[in-house]
């Protein structure tokens, strides 16, 4: 059975995962377009390996992006267009969010 394109095609570990859990506000105000733009931009960043995302009708969502190194994560965080999206998110789109960064040591599929 083929793997769903919702799963990121990743290399063998180790690599890093940035886990972004969020609770959205009810209004969109450009969120969907910005989310698409951020994914396009992330895909061009050195060290980006892929991403997986899921959301609920309640507004809760999780996006996990995968990176080669902590340095590549830091460069993405500092990107000017990404910084603008972060500030807009804090102001307009997120009632609450949490970010966790983890090193992936093992990975397997079934």
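The values are calculated or read from the model by the stated rules, or taken from the named source; none is laboratory data. Being a predicted model, the structure only gives us computed values, none of them experimental. Methodologically, a virtual Cβ is constructed for each residue, glycine included, from the backbone with ideal geometry; neighbour enumeration extends over all protein chains shown.
When 47, 59 are checked against the criterion of being at pLDDT below 95 and either in contact with a helix residue (DSSP H, G or I) (Cβ under 9 Å, 6 or more places away or on another chain) or within 22 Å of residue 6 (Cβ to Cβ) (or both), a single residue qualifies: 59. Of the set (1) out of contact with any helix residue (DSSP H, G or I) (no Cβ under 9 Å at 6 or more places or on another chain); (2) within 27 Å of residue 13 (Cβ to Cβ), all apply to residue 67 but (1). Looking across segment 31-54, the residues that are surrounded by fewer than 15 Cβ atoms within 10 Å (Cβ to Cβ), more than 18 Å from residue 9 (Cβ to Cβ) and free of Cβ contacts under 8 Å to residues at least 24 places away in the same chain come down to 32, 33, 36.
Residue-by-condition table, conditions (1) in a strand (DSSP E or B); (2) modelled with pLDDT under 95; (3) in contact with a strand residue (DSSP E or B) (Cβ under 8 Å, 6 or more places away or on another chain):
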| position | (1), (2), (3) |
| --- | --- |
| 6 | no, yes, yes |
| 21 | yes, no, yes |
| 40 | no, no, no |
| 71 | no, no, no |
| 99 | yes, no, yes |
